[in-house]
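Since every read-out is calculated from the coordinates, none of them should be taken as a lab result. Fair warning: this is a prediction, and the values are worked out from it, not measured in the lab. As a convention, Cβ positions derive from the backbone with ideal geometry for all residues, glycine included, and neighbour counts pool all protein chains shown.
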Amino acid sequence: MKRIYIKEYILIPMFTSIFSFFQNLLQNAFSTNISYTTIPHCENVLSKAHESDACYDLQSNEYVNIKPNSVELVKTGVLVELPDNWEIQVRPRSGNAIKYSITVLNSPGTIDSKYRGELAVILANFGNETFPIKKGDRIAQIKFEKVPKVKLNLVSKISLNTERGDKGFGSSGK
């Protein structure tokens, strides 16, 4: 039997190319194209600080002062076209929360796939000072989530035979 030797300088690049091909194929198979636009004279773009971040930054399209212990609806100038069975979750920015006590009041806020209006964020100021917002300031984060199809079954009784049963609201300790 005759043996054939393939040099590593041929074999390694070949496997690297095959790996790269399948990696790109998988990335494209699990990604979804989502379209968005802005209202006229709005320069806001959806972007991530880092490619690996889970959320996109959402910017204000107006000047707003949120007084202490009050709530404001802040417009972004962004409109999104979501595919069916997708949602946007609106979340607070951790830096604004810890430094200024600013949060998204109904966090996470949900934007359904059929909504086509301008995105706006309900911001609450739990701090002691007025929080100024300028056009272009990052005010919240949004995360795109696929919504699973669920079939609910109405039954007469559910099982309470678990570790927790019907105990809640702090029953598992501090």
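Cβ neighbours within 10 Å, averaged per peptide: list 93-105, 36-48 in order, most packed at the top. The partial results should precede the final answer.
Values: 93-105: 15.9, 36-48: 12.8.
Result, highest mean Cβ count within 10 Å first: 93-105, 36-48.
So for the range 96-174, if I pair up every lysine 8 or more residues apart or on another chain, how many of those pairs have alpha-carbons under 22 Å apart?
Values: K99/K134; K99/K135; K114/K143; K114/K146; K114/K149; K114/K151; K135/K143; K157/K167.
Pairs that pass both the separation and distance tests number 8.
Kindly provide the trypsin sites (Lys or Arg not before Pro) of the range 103-148 that DSSP labels as loop, not H, G, I, E or B, and whose Cβ sees at most 11 other Cβ atoms within 10 Å. Don't skip to the answer; put the middle values down first.
Working: sites: K114, R116, K134, K135, R138, K143, K146; in loops: K114, R116, K134, K135.
Taking the range 103-148 and a limit of 11 other Cβ atoms within 10 Å, the loop trypsin sites (Lys or Arg not before Pro) found are K114, R116, K134.
Dipole size in debye (nearest 20) for the range 35-146 around its Cα centre, Lys and Arg Cβ +1, Asp and Glu Cβ -1? Don't skip to the answer; put the middle values down first.
Working: 13 positive and 14 negative charges, 49 e Å.
Roughly 240 debye, rounded to the nearest 20.
List the residues whose amide H sits under 5 Å from the amide H of W86, counting only those 5 or more places along or on another chain, with H placed 1.01 Å from N in the peptide plane.
Sorted by chain and number, the residues that satisfy this are S113, V147.
Report the gain in length on full extension from E43 to Y63: 0.36 nm times residue separation, minus Cα-Cα distance, nm rounded to one decimal. Walk me through the numbers before you get to the answer.
Numbers: separation 20, 0.36 × 20 = 7.20 nm, distance 1.42 nm.
Extra length from E43 to Y63 when fully extended: 5.8 nm.
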